[in-house]
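Worksheet for the structure shown next.
The values are calculated or read from the model by the stated rules, or taken from the named source; none is laboratory data. Please read these numbers as outputs of a predicted model, since none were measured by experiment. Ideal geometry is used to build each Cβ from the backbone, glycine not excepted, and the neighbour counts take in all protein chains shown.
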Amino acid sequence: MTATLAKSIFVALCLAWYALRIPHQRKARKTPISLDALDRRERLRLGISLSGLGLIPLLYVATGFPAFANRPFIPALAWLGAVLAIAALVMFRLTHKALGRYWSVSLQMREGHKLISEGVYARIRHPMYSAFWLWALAQALLLPNWIAGLSGIIGFGTLYALRVGPEEEMLLREFGDDYRHYMARTGRLWPKLF
């Protein structure tokens, strides 16, 4: 593994994620929104996450900026990053497949929205967040730059910390006891061990 190949794998991760998302975004747009929490705070959270997972690392890949924050390239870490990138894409695919027309980029409920508890959602409440954590870790391992590599963890971590609580509150309001029971038997990001 070389640093150039590792950067190429990161770009491929970004492109594959976008390719996975497009058909689901089109399908979801056909189902009207019944509850929309896309406010200024949500836009800020999304912008911070996009900066950390996309803008900063892609600027680094394209230009080498900020070179002062480069760290030594370690091939074994990059290989682990490649494995995590593949895992992130698999989790993205499984999540989009399970959500179908109910998927949205922000906190929204669609008309006729049902609680999804099949597929990857049978054991994990927020597998999309799991996928983004895998992406952020892959990015940190693939990009030998302290700022570009870690910006995904910081950017997505900010979105996650500020959004998961309001999202679960919205789901509790919408689905009530069904969601409480679902929470009791599933892990937030990873399956419960017992």
Based on what the data block shows, is LEU107 at pLDDT 95 or above and at negative phi? no
Test: ARG40 is under 30 Å from ARG180 (Cα atoms), surrounded by fewer than 18 Cβ atoms within 10 Å (Cβ to Cβ) and in contact (Cβ under 8 Å) with a residue 24 or more places away in the chain: no
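Restricted to segment 18-43, and to residues that are among the hydrophobic types (A, V, I, L, M, F, W, C) and touching a Ser or Thr at 6+ places or on another chain (Cβ under 9 Å), which residue is modelled with the lowest pLDDT? If you could, list the steps in order and put the result at the bottom.
Initially, segment 18-43 is screened for residues among the hydrophobic types (A, V, I, L, M, F, W, C), giving 19-20, 22, 28, 33, 35, 37-38.
Pick out the ones that are also touching a Ser or Thr at 6+ places or on another chain (Cβ under 9 Å) and you get 28, 33, 37-38.
Values: ALA28: 80, ILE33: 86, ALA37: 85, LEU38: 84.
Restricting to residues being among the hydrophobic types (A, V, I, L, M, F, W, C) and touching a Ser or Thr at 6+ places or on another chain (Cβ under 9 Å), the top hit is ALA28.
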Can you work out which of the residues in segment 13-23 that are loosely packed, with under 15 Cβ neighbours inside 10 Å and of a type in the set (A, V, I, L, M) is nearest to LEU58 (Cα to Cα)? LEU15
What pairs come up if the first residue lies in segment 137-164 and is more than 26 Å from ILE124 (Cα to Cα) and in contact (Cβ under 8 Å) with a residue 60 or more places away in the chain, the second is surrounded by fewer than 18 Cβ atoms within 10 Å (Cβ to Cβ) and among the basic types (Lys, Arg), and their beta carbons are under 7 Å apart, counting only those six or more places apart or on different chains? PRO144/ARG71; ASN145/ARG71; TRP146/ARG71
Go through segment 170-188 and give me each residue that's buried (at least 16 other Cβ atoms within 10 Å of the Cβ) and either within 20 Å of the chain's Cα centre (by Cα) or of a type in the set (A, V, I, L, M, F, W, C) (or both). MET170, LEU171, PHE175, THR186
Scanning segment 1-22 residue by residue, the ones that are touching a residue at least 60 places away in the same chain (Cβ under 8 Å) and over 30 Å from ALA76 (Cβ atoms) total 1
Tell me which of these LEU99 doesn't satisfy, since it passes every other one: (1) touching a helix residue (DSSP H, G or I) at 6+ places or on another chain (Cβ under 6 Å); (2) of a type in the set (A, V, I, L, M, F, W, C); (3) within 24 Å of ALA19 (Cβ to Cβ). (1)
For segment 29-47, how many residues are under 12 Å from ARG163 (Cα atoms) and in a helix (DSSP H, G or I)? 6
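Of all residues in segment 58-107 being in a helix (DSSP H, G or I) and of a type in the set (Phe, Trp, Tyr), which is nearest to GLY165 (Cα to Cα)? Show your work before the answer.
Step one: of segment 58-107, the residues in a helix (DSSP H, G or I) are 58-63, 67-69, 75-102.
Keeping just the survivors that are of a type in the set (Phe, Trp, Tyr) gives 60, 68, 79, 92, 102.
Numbers: TYR60: 32, PHE68: 37, TRP79: 34, PHE92: 21, TYR102: 19 Å.
Restricting to residues being in a helix (DSSP H, G or I) and of a type in the set (Phe, Trp, Tyr), the top hit is TYR102.
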Just one of (1) surrounded by fewer than 17 Cβ atoms within 10 Å (Cβ to Cβ); (2) without any contact (Cβ under 8 Å) to a residue 60 or more places away in the chain trips up LEU84, so point out which. (1)
Is at least one residue of segment 132-147 farther than 30 Å from ARG180 by Cβ, of a type in the set (Gly, Ala, Ser) and touching a helix residue (DSSP H, G or I) at 6+ places or on another chain (Cβ under 7 Å)? yes
